[in-house]
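The values are calculated or read from the model by the stated rules, or taken from the named source; none is laboratory data. All of these numbers come straight from a predicted model, not from anything done at the bench. Quick reminder, even Gly has a Cβ in these numbers, built from the backbone with ideal geometry, and neighbours come from all protein chains shown. The protein model used for the area step is the full one, side chains on, heavy atoms only, and it has no ligands, DNA or RNA in it. Shrake-Rupley method; radii C 1.70, N 1.55, O 1.52, S 1.80 Å.
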Amino acid sequence: MISTQTFQIGVGASTQRDYILAVKEAMQQARATIYNAKIDLTIVFTSSEFAHPNTLKTVKDIVGDSALIGCSTGGVIAGNEVLHFGIAIALICLPEKTHLVTADIDAVQARTALKAGEELGEKLVSGFSGLPRDFGLIFYDGLMAENWSFIAGLQEKLGISFPLIGAAASDNLQFAKTSVFHNERILQDAASGVLFGGRLISGYGIEHGWKPIGKPRTVTKSINNVVYEIDGVSATNVYEDYFACNLERLKKESRRISILYPIGISLPDEKEILLRNILSIENNGSLIFQGNVPEGSPIRLMIGTKESCLEATKKAAGSAQQRFLGTPCNLILVFDSMSRNALLGRDSKKEIKIIRDVFGPNVPLIGACTYGEQSPLESINYKGKTYLHNQTITILAIGG
Amino acid sequence: MSESVINIIGLIGSIIILCLSLLLAFKIERLKQTETECKKLRKSLDEMDEQAKLIIRTDMELNKTQEELDKKISSLYALQKLSRAISTTLEETQIFKRIDATTLEELGFERNCCFLWSAEADRFVLHLAIGYTKGELDTIVSFIESIKSSLQDIITQERSFSTLTLAKNTTLRNKVNRIFNVHAFVVSPILSKEGAQGLFFAGTNNPDFTMTEGDEELIGIFAHQVGQTLENARLFEKTWRAQQDLEKKVELRTHELTQALEEVKLISKRKTDFVSAVSHELRTPLTSIKGYASILLAGKLGEIPEEVRLRLEKVNKHSDELTGIVNDLLDISRIESGRIIMKQASVDLSKLVASVADLLSVQFKAKDITFSDAIPQEATTVWVDEGQIKRVFINIIGNAIKFTQLGGKISVQSSKTDKYVRVDIHDTGCGIPPEAQEKVFEEFYRVDNAINETAKGTGLGLALVKHIVEAHGGRIWVESSTGRGSTFSFTLPMTA
């Protein structure tokens, strides 16, 4: 799909309880700033209640042939708020000589995550057939097992010559059902994505704001995202020691521990530390994390505060804005960890204000709270490899 | 040679061994030092780790406290928002429309229902449902209907129940959890002064939500607020309806009175017209009677016997009285119908009173009545028809003379009141009984007293006076007590 018009963006949101009224209200707001242009892509984020085919059908009935991608979320970011109930829509009319391809992949578990990633990558790349690529945007089921393998497969096919930003769908910390959207399809155990190419400018920033605390430790036994031993002792023992409580109490506090005290993995050749949330604390002494923790990884316990989170937001917004010095930014997409949202509580809207302070108050902005973010580290010194993150705020700024 | 070489080599070897030994000893020393350093570092790291543990534990406690505080602040803020929203309406139907789902979610409850008891329907009627599909609501309504007696008992006792107060695995708790599809819930009675009106259900399916007494209390406060707002709305509705009824009644009465007034006016006009017509008809024959009587009395038709003359004089006198009555009646009807236009001009009240006093001086003298007047400078210039106002004074003072005994007193005084001059004519006469005071200004009314039985009068004088004063825009009234005299007061417009 190659566009022949000027770059126009419209965003809208609604908290109406009726999905038809909600879609109509959000669409009305979004279309208000679009003048006589064909919509190339519609991005939709909805709370779990609206994640059903009727919602997408209502959107598609209005936008027509435009491609649609998006995901369900526990927090819809729109305007200056994080809405726990509602819908946000961005309508994108691409400028001349730019193009995009969308695709999806389902039955990830059956295909294996690695294969599914590769297949989605192939679908996206095949649509480009030699055209230059600017950046990719991926949404995947927040409950997908081996999401790191999926990303590895995807990157295998897409290469590291352009940034790949992604977000894991979420559902308000219930971990019951998360969905990704592609056109009129609502998918679980799946992923959808879009690849942009042409003259688009993109900038991204990713930060978490957590700091290491306690002595460095090593993962001595792990398989994928299950850590059995740290420094030769059972993983839960280390946590029991840190939090001065037994396993039962630890399990009770797992949500709070997951949000406030993730582990940080130091990566060779990267100065940032990758965070991993605890998904669950097992009776066999193992800890299950939201992403893979390779055996032998040097890890630290991490600690964060509201202030350090907000400072990180400012830093991420600054990084994303670096490429827009003197060039207007048309759209900001924000992927904010659900854990950050839980930690910040009433202050979560401060993150949006910080981003707006950096980009200006009128730049269209929507986003979603996520169960994982996906982005290369250090956007300024771009090294290409995309990592799976937890607890971060990832900001993707698009202009053209 | 070879021995010395061997010796030298041996020596060198010994030196090397010595050096190596020294180096080894040095290295061992260094290793020991490094090991000590390492031990120190490890100890520091362990100490740091211990400190980290303390920090983490403290941080965890702080975060818990902060979280609770945040939750309380958010809840209070949400409660305030909800209270403000519902208390600004006085329409019962609007109250539930104003309960915002997002704000209730801020309280921690995304699923909410409100039932009000309807005695008429003998069931709890659903007025609010948030977070449920129609199918779910049908099940909930049936469930509430099935336990309505128990619910009534509970809410009559004005107490809440929740996952905090109900023991685990009780039938009620399990049923509510299952049917309302929630993990935690509070059910609070909606209370008003008249008692429990219904119940408010707030629930959440968030497994991380831990119900506290504070949550239960907040929902209780909100339910109470709903109850009070309902009561206000109902009271307002009642008052409004009463007011509407009253307004309708007032409108009806006003309409009836207006009709009655119109009828009275019509009758009054007919009467005036009749009086006017009759008076006109009477005047002509009266003039003839008086004329013929005068001719006969003057002897123009020959000498008349004494007895006839006396009779003729009576005819003449009665004709004059009758003419007076007819004239007064005509004046009244003219004033009433607006046919007489008051020729108002600036008049000096003191001069007018003096001329009236002069006119009546014979009567004063005849009854030895002391007349006095007090007309101050600031209350002397009035904007009136001099001739008509003179009639007013003559009538009132004439009456005063009639009803004042020998040696009595009559006084006239004036005072300024806003844009009017008030005139008080006081006499020391027999006074007017209270029941007659309002009637003295009615046409043909005569006070029932000894003087009136003998003295002549038409009962039209004060009626005419009232019409003249009112035609000037003033008003007239009397204050009197039997045996102590009377004061007739009236107001006249001042000259601007």
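Classify the range A:1-145: rounded, prolate or oblate, from the alpha-carbon gyration tensor (a ≥ b ≥ c, eigenvalue square roots; a/c under 1.5 rounded; otherwise prolate if a/b is larger than b/c)? In terms of gyration-tensor shape, oblate.
Residue by residue, the range A:143-157 carries 3J(HN,Hα) couplings of 9, 5, 6, 6, 4, 4, 5, 4, 5, 4, x, 4, 5, 4, 8 Hz when phi is fed to the Karplus relation 6.51 cos²θ - 1.76 cosθ + 1.60 (θ = phi - 60°); x denotes Gly or Pro.
With the cut-off at 1.5 for a/c, could you classify the range A:70-109 from its C-alpha gyration tensor as rounded, prolate or oblate? It comes out oblate by the Cα gyration axes. Taking all protein chains as they are arranged and a probe of 1.4 Å, the heavy atoms of residue B:68 leave approximately 120 Å² accessible to solvent. Across peptide B:58-65, the average count of Cβ atoms from other chains found within 10 Å of a residue's Cβ is 3. With all protein chains in place and ligands, DNA and RNA left out, the 1.4 Å accessible area ranks B:273, A:104 as B:273, A:104, largest first. Once backbone amide H atoms are built at 1.01 Å from N, residue A:215 has B:49 as its partners under 5 Å, excluding neighbours fewer than 5 places away on the same chain. For the segment B:44-53, counting C-beta atoms of other chains within 10 Å of every residue's C-beta and taking the mean gives 4. As a size descriptor, the averaged projected area of the C-alpha convex hull of chain A was calculated at 17.8 nm². Close amide H pairs (under 5 Å, H built 1.01 Å from N) link residue A:389 with A:373, A:374, A:375, residues at least 5 positions away or on another chain. Take residue B:491: with every protein chain present and a 1.4 Å probe, its accessible area is about 20 Å².
When you filter the chymotrypsin sites (Phe, Trp or Tyr not before Pro) in the range A:12-114 for DSSP loop state and at most 15 other Cβ atoms inside 10 Å of their Cβ, you are left with A:35.
Can you tally the net charge around residue B:485? Count Lys and Arg as +1, Asp and Glu as -1, for every other residue whose Cβ sits under 12 Å from the Cβ of residue B:485.
-1
By the Stokes-Einstein formula, at 1.002 mPa s and 20 °C, the range B:323-429 with its Kirkwood radius over alpha-carbon pairs has D equal to 144 µm²/s. Residues within the reach of a label modelled at residue A:385 (point 7 angstrom out along Cα to beta-carbon, backbone nitrogen below 18 Å), restricted to the range A:257-280, are A:264-276.
Would you mind working out the accessible area per residue for the range A:175-257, using a 1.4 Å probe, and quoting it in Å²?
40 Å²
Of the whole protein surface, residue A:261 contributes about 0 Å² of accessible area at a 1.4 Å probe radius. Among the residues of A:335-345, the average count of other protein chain beta-carbon atoms within 10 Å of the residue beta-carbon is 1.
If you place +1 on the Cβ of every Lys and Arg, -1 on the Cβ of every Asp and Glu, and leave all else neutral, what size is the dipole of the range A:218-356 about its Cα centre, to the nearest 20 Debye?
Details: 19 positive and 16 negative charges, 170 e Å.
About 820 debye.
Annotation for the A:B interface, with buried accessible surface near 2300 Å², both sides summed [1.4 Å probe; non-protein components not counted].
Given the rule -39500 (n - 2.57) for each run of at least 4 DSSP H residues, summed and divided by the residues of the protein assembly as shown, what is its mean residue ellipticity at 222 nm, to the nearest 500 deg cm²/dmol? It would help to have the intermediate numbers written out before the result.
Values: 25 runs with 412 residues, N = 896.
The helix-only estimate for the protein assembly as shown comes to -15500 deg cm²/dmol at 222 nm.
Computed in the context of the full set of protein chains, the accessible area of the range B:225-375 at 1.4 Å probe radius has 59% of its extent on carbon or sulfur.
For the protein assembly as shown, what is the convex hull (Cα atoms) projected area averaged across all directions, in square nanometres?
With the hull built on Cα positions only, its mean projection is 75.1 nm².
Take the Cβ atoms of residue A:145 and residue B:258, set R0 to 56 Å, and the FRET efficiency comes out at 0.05.
Given a 1.4 Å probe and heavy atoms of the protein chains only, how would you sort A:192, B:294, largest accessible area at the top? Present the calculation step by step, with values, prior to reporting the outcome.
Details: A:192 0, B:294 50 Å².
My answer, sorted largest first, is B:294, A:192.
Interface burial in the range A:206-242, defined as at least 50 Å² less accessible area with all protein chains than with the chain alone at a 1.4 Å probe, covers A:213, A:215, A:242. For chain B, the Stokes-Einstein estimate of translational diffusion at 37 °C and a viscosity of 0.692 mPa s comes to 95 µm²/s, using the Kirkwood hydrodynamic radius over alpha-carbon pairs. Under a no-solvent Debye model with one identical scatterer per Cα of the range B:112-167, what's log10 I(q)/I(0) at q = 0.22 Å⁻¹? Log-scaled intensity ratios, in q order: -1.00. Stokes-Einstein diffusion of the range A:150-260 at 4 °C, 1.567 mPa s viscosity, Kirkwood radius from Cα pairs, rounded to a whole number: 71 µm²/s.
Computed on protein heavy atoms with a 1.4 Å probe, the accessible areas place A:210, B:117 in the order B:117, A:210, largest first.
Computed over the alpha-carbon atoms, the range B:237-314 gives an Rg to Rh ratio of 1.63, Rh here being the Kirkwood radius from the mean inverse distance.
Using the 1.4 Å probe convention, the accessible area of the range B:116-216 works out to 50 Å² per residue with neighbouring protein chains retained.
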